[in-house]
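Input: a single structure, listed below in structure tokens.
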Amino acid sequence: MSNVPQVEFQFDFGSPNAYLSHLVIPEIEKRQSVKFDYVPVLLGGVFKLTNNRSPVESNAGIRNKPEYQQLETERFIRQHKITRFKMNPHFPVNTLAIMRGAVAARKLDLFERYVDEVYRHMWAEPKKLDDPAVLRAALIESKLPADHLFELVQTQEVKDELMAGTQRAVERGTFGSPTFFVDGEIYFGKDRLRDVEEAIAAAK
């Protein structure tokens, strides 16, 4: 009997590369007969705890690097035949509320649908999701319980759970998103998904 490796995807909705990974993960799950465990982390918290900065900040003023990274993104999109991606005109978006919402949605057994829908509203049909009115309208459009989710994200339990998960991620080696773990071994970035799949196959 083959082993089923433990595979984690640490994500923040604010990362376009995490979204692109999210679109590709189902292909890997199908090929390898595994299920990725989605772990919400607050990217702002990760950056603070690791003294890291977002690529928008760290690449500012660097000649050629942002252009190359855009080229790599375009190649990834072509390779995986991705059609539902638009750069959010409001980027960077403060993701605190929607990441707390992911924790809350899990408590309501709505996690997978919440993730799919928030990603859609962030990167397929981009909206300013750090505006509470815009977020509420998006959740209602997606037939998610907006009032209940808004109530839960204000609870100390949800706030503490997101921050504890973020802290644990950093302690394990995370410094950004998307980060993957296969049986505890870390991989960073959407361009490592091939390595992630190879590690999954090797572990079975």
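Counting each DSSP H run of 4 or more residues in the chain as -39500 (n - 2.57), what helix-only mean residue ellipticity at 222 nm follows after dividing by all residues, to the nearest 500 deg cm²/dmol?
Rounded to the nearest 500, the figure is -16500 deg cm²/dmol.
Please compute the Kirkwood hydrodynamic radius over the stretch 7-203, one decimal place, Å, based on all pairs of different Cα atoms.
With all distinct Cα pairs of the stretch 7-203 included, I get 17.3 Å.
Once the other residues with Cβ under 12 Å from the Cβ of V93 are scored (Lys, Arg +1; Asp, Glu -1), what is the net sum?
With Lys, Arg at +1 and Asp, Glu at -1, the neighbours total -1.
Where does each of F11, F111, F181 land when they are ranked from fewest to most other beta-carbon atoms within 10 angstrom?
The order, fewest Cβ neighbours first, is F111, F181, F11.
May I have the extent of the alpha carbons of the stretch 1-120 along their three principal axes, as whole Å values ordered from largest to smallest?
51, 32, 27
Just how large is the dipole of the stretch 7-203 about the Cα centre, in debye to the nearest 20, putting +1 at every Lys and Arg Cβ and -1 at every Asp and Glu Cβ?
520
In which sequence would F180, F175 go, from the one with the fewest C-beta neighbours within 10 Å to the one with the most?
By the 10 Å Cβ count, ascending, the order reads F175, F180.
Return a whole-number percent for the relative contact order of the chain, with Cα pairs under 8 Å and 6 or more residues apart as the contact set.
Values: 252 pairs, mean separation 74.9, N = 204.
37 percent.
How much length is gained on full extension from E57 to D160, taking 0.36 nm per residue of separation minus their Cα-Cα distance? Show your work: numbers first, answer last.
Details: separation 103, 0.36 × 103 = 37.08 nm, distance 2.76 nm.
Extra length available between E57 and D160 comes to 34.3 nm.
Once you've got the Cα coordinates, tell me which of K127/K190; K48/K128; K81/K143 are over 26 Å apart. Walk me through the intermediate numbers first.
On the way: K127/K190 23 Å; K48/K128 23 Å; K81/K143 28 Å.
Beyond 26 Å between Cα atoms: K81/K143.
Diagonalise the Cα gyration tensor of the stretch 95-138 and give the resulting equivalent ellipsoid semi-axes, square root of 5 times each eigenvalue, largest first, whole Å.
17, 12, 8
Can you give me the Cα centroid spacing of the stretch 80-117 and the stretch 1-79 in angstrom?
Rounded to whole Å, the Cα centres lie 13 Å apart.
Please name whichever of N94, L110, Q79 sits farthest to the positive end of the charge dipole of the stretch 7-203, dipole taken about the Cα centre and charges placed at Cβ: Lys and Arg +1, Asp and Glu -1.
Q79
Considering only DSSP beta bridges where both residues belong to the chain, give the percentage that are antiparallel (nearest 5).
Roughly 60 percent of the beta bridges in the chain run antiparallel, per DSSP.
Read-outs throughout are calculated quantities, based only on the coordinates presented, and are distinct from any laboratory measurement. Just so we're clear, the structure is a prediction, and the values are computed from it rather than from any experiment. Here the Cβ is made from the backbone with ideal geometry for all residues, glycine too, and neighbour counts use every protein chain on show.
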